[in-house]
Amino acid sequence: MIVSVCSDKGAPGVTTLATALGVVWPGPRAVVEADTAGSDLSFRLHPAAADTPLSHLAPDPSIAGLATAARLGLTGAGPLPFAQETSLGVPVVPGVLSAERFRPLRSLWPGLGQALAGWPGTVLADLGRLHPGAPAAPVAQASTAVLLLTRADLEGLFHVRDRVVELAGMVGPGEGDRIRVGVVVTAPVKQRRAAVEQVHQVLASVGSPAPVLGCFVHDPAVAQQLWAGVMTRRLAGSELVRSARSVAESVLATWPSLTATFDATDSSADVHAESTTAPAPAVAP
């Protein structure tokens with residue numbers, strides 16, 4: 001199954017949200033960087049067995065190999081054979097390094113979306129900026145849920161009103177005609193309640209059924225701690241990580257079919273099949 005994360009304009013924090021969700025998500029999961037504009041995680045994250053603090057992810061395996069393999073069908077391990085283990089404990093499939101390198105792969109994206117949707121685990125797909133006709137649209141269309149990240153400033157409120165309608169039409173309804181698009185607001189911690197309420201009001205004004213799933217706290221200083229690659233107690237208890245866990249719980253409650261990915265055979269998972277609570281991330285001693 002796929003939970004896609006995207007934005008309307010400028011991708012404000014999409015990569016950070018996708019990664020933070022990967023840290024707190026229960027059950028088998030992988031972050032897949034499907035943003036066709038080029039990779040960020042290749043430069044931000046660190047391998048699990050880094051030789052130095054400055055080590056970054058290797059060029060391969062990457063989404064190029066994953067998309068190519070998806071043409072013939074993935075194994076039961078889904079994207080994991082193409083993922084790199086990171087120091088945050090999250091398997092990550094890094095994206096292509098530039099939009100130029102993506103062009104030869106564009107025809108593979110529809111098959112990639114279908115293959116990832118068939119994996120019993122959860123793919124947290126970073127789609128970057130998304131709109132109808134975007135190259136990453138086939139991955140969104142194969143998703144169980146599409147999370148639209150927006151700010152609650154004048155520009156963000158204006159665009160989210162129209163973009164939710166467009167994306168809902170692009171991906172179509174899900175199981176039981178349930179809308180597959182939900183909104184996540186990003187705002188500083190002191191403004192989060194007001195920001196969520198503003199987005200609620202805007203969507204209600206146009207009769208949109210899209211749920212507002214909560215606020216992902218905007219805190220660049222804490223985000224830099226995330227990219228440092230060590231899950232300290234301070235980082236695990238930060239408002240940024242706590243807000244990611246709250247968003248994850250809202251997503252699981254809104255789209256219950258996602259809980260089917262919590263397979264008891266995954267011995268490393270911190271939750272059982274009956275639990276929909278995202279676990280606290282492991283922290284460094």
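The residue pairs whose first member lies in region 223-235 and is under 14 Å from PRO47 (Cα atoms) and of a type in the set (A, V, I, L, M), whose second member is assigned to a loop (DSSP other than H, G, I, E, B) and modelled with pLDDT under 85, and whose beta carbons are closer than 7 Å, counting only pairs six or more residues apart or on different chains, are VAL230/ALA284; MET231/PRO281; MET231/ALA282; MET231/VAL283; MET231/ALA284. Scanning region 98-123 for residues that are at pLDDT 90 or above and part of a loop (DSSP other than H, G, I, E, B) yields GLY118, TRP119, PRO120, GLY121.
Scanning region 199-210 for residues that are surrounded by fewer than 20 Cβ atoms within 10 Å (Cβ to Cβ) and under 25 Å from VAL241 (Cβ atoms) yields one hit, HIS200. For region 11-52, the candidate set comprises residues that are modelled with pLDDT under 90, farther than 18 Å from PRO135 by Cβ and of a type in the set (S, T, N, Q); within that set, the residue that is farthest from the chain's Cα centre (by Cα) is THR52. Residues in region 40-58 include none that are touching a Pro at 6+ places or on another chain (Cβ under 8 Å), over 30 Å from ALA253 (Cβ atoms) and part of a strand (DSSP E or B). Evaluating ALA134 against the criteria (1) crowded, with 23+ Cβ neighbours inside 10 Å; (2) small (Gly, Ala, Ser); (3) at pLDDT below 90 leaves one unmet condition, (1).
Is region 225-233 home to any residue that is surrounded by fewer than 19 Cβ atoms within 10 Å (Cβ to Cβ) and more than 25 Å from ALA49 (Cα to Cα)? No; the residues of region 225-233 include none that is surrounded by fewer than 19 Cβ atoms within 10 Å (Cβ to Cβ) and more than 25 Å from ALA49 (Cα to Cα).
Residue-wise test of (1) in a helix (DSSP H, G or I); (2) modelled with pLDDT of 95 or more; (3) within 24 Å of ALA34 (Cα to Cα); (4) among the aromatic types (Phe, Trp, Tyr).
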{"position": "LEU149", "(1), (2), (3), (4)": "no, yes, yes, no"}
{"position": "LEU157", "(1), (2), (3), (4)": "yes, no, no, no"}
{"position": "VAL160", "(1), (2), (3), (4)": "yes, no, yes, no"}
{"position": "VAL165", "(1), (2), (3), (4)": "yes, no, yes, no"}
{"position": "GLY182", "(1), (2), (3), (4)": "no, yes, yes, no"}
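Scanning region 101-113 for residues that are over 16 Å from SER62 (Cβ atoms), in contact (Cβ under 8 Å) with a residue 40 or more places away in the chain and either surrounded by fewer than 22 Cβ atoms within 10 Å (Cβ to Cβ) or among the polar types (S, T, N, Q) (or both) returns a single hit, GLY111. Using the structure shown, decide if ALA125 is crowded, with 21+ Cβ neighbours inside 10 Å and in contact with a Cys (Cβ under 9 Å, 6 or more places away or on another chain). For ALA125, the condition - crowded, with 21+ Cβ neighbours inside 10 Å and in contact with a Cys (Cβ under 9 Å, 6 or more places away or on another chain) - is met. Would you point out the residue of region 65-97, among those that are β-branched (Val, Ile, Thr) and modelled with pLDDT of 90 or more, that is surrounded by the fewest Cβ atoms within 10 Å (Cβ to Cβ)? Among residues in region 65-97 that are β-branched (Val, Ile, Thr) and modelled with pLDDT of 90 or more, the one surrounded by the fewest Cβ atoms within 10 Å (Cβ to Cβ) is THR75. Out of curiosity, is ASP126 at pLDDT below 95 and either among the acidic types (Asp, Glu) or farther than 20 Å from PRO209 by Cα (or both)? For ASP126, the condition - at pLDDT below 95 and either among the acidic types (Asp, Glu) or farther than 20 Å from PRO209 by Cα (or both) - is not met. The requirement of being in a loop (DSSP other than H, G, I, E, B) and within 19 Å of ALA244 (Cβ to Cβ) is not satisfied by GLY22. Can you say whether ALA264 is modelled with pLDDT under 90 and either under 18 Å from the mean Cα position of the chain (by Cα) or not polar (S, T, N, Q) (or both), as far as the supplied structure shows? In short, yes.
The values are calculated or read from the model by the stated rules, or taken from the named source; none is laboratory data. These figures come from a predicted structure and were not determined experimentally. Note that each Cβ is placed from the backbone with ideal geometry, even for glycine, and that neighbours are counted across all protein chains shown.
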